[in-house]
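Trainee: Shown below is the structure under consideration.
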């Protein structure tokens, strides 16, 4: 659409949803049995985003990656 163009019940803009955010954590293998689906954690993003958010664990990967350890 151009500025000043007549709009009659037409969509001219779609706003992207930016919530929920997905957070992925990589933890030491000794924490594998500690983290459970449904647990909550406080997430504090870098200054660019700011604020504090409560995250809920929805997935715990069943594979432990040992690459890089010698």
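The values are calculated or read from the model by the stated rules, or taken from the named source; none is laboratory data. Keep in mind that what you see is a predicted model, and the values were worked out from it rather than measured. Because the Cβ atoms are built from the backbone with ideal geometry, glycine has one as well, and the counts that use them run over all protein chains shown.
Trainee: Look at region 30-55 and say how many of its residues are under 15 Å from residue 20 (Cα atoms) and at pLDDT 95 or above.
Mentor: Qualifying residue count for the region: 1.
Trainee: Hey, another quick one. It is to be established whether one or more residues within region 43-54 are assigned to a loop (DSSP other than H, G, I, E, B), touching a residue at least 12 places away in the same chain (Cβ under 8 Å) and touching a strand residue (DSSP E or B) at 6+ places or on another chain (Cβ under 6 Å).
Mentor: no
Trainee: Any idea which residue in region 16-29 is farthest from residue 1 (Cα to Cα), counting only those that are modelled with pLDDT of 80 or more and out of contact with any strand residue (DSSP E or B) (no Cβ under 8 Å at 6 or more places or on another chain)?
Mentor: Ranking the candidates gives 29 first.
Trainee: Here's a follow-up. List pairs: first residue in region 29-42 and closer than 15 Å to residue 59 by Cβ, second residue modelled with pLDDT of 90 or more and exposed (fewer than 10 other Cβ atoms within 10 Å of the Cβ) anywhere in the structure, Cβ distance under 6 angstrom, at least six positions apart or on different chains.
Mentor: Matching pairs, first to second residue: 40/54.
Trainee: Take residue 7 and tell me if it is out of contact with any strand residue (DSSP E or B) (no Cβ under 9 Å at 6 or more places or on another chain), surrounded by 10 or more Cβ atoms within 10 Å (Cβ to Cβ) and outside any strand (DSSP E or B).
Mentor: In short, no.
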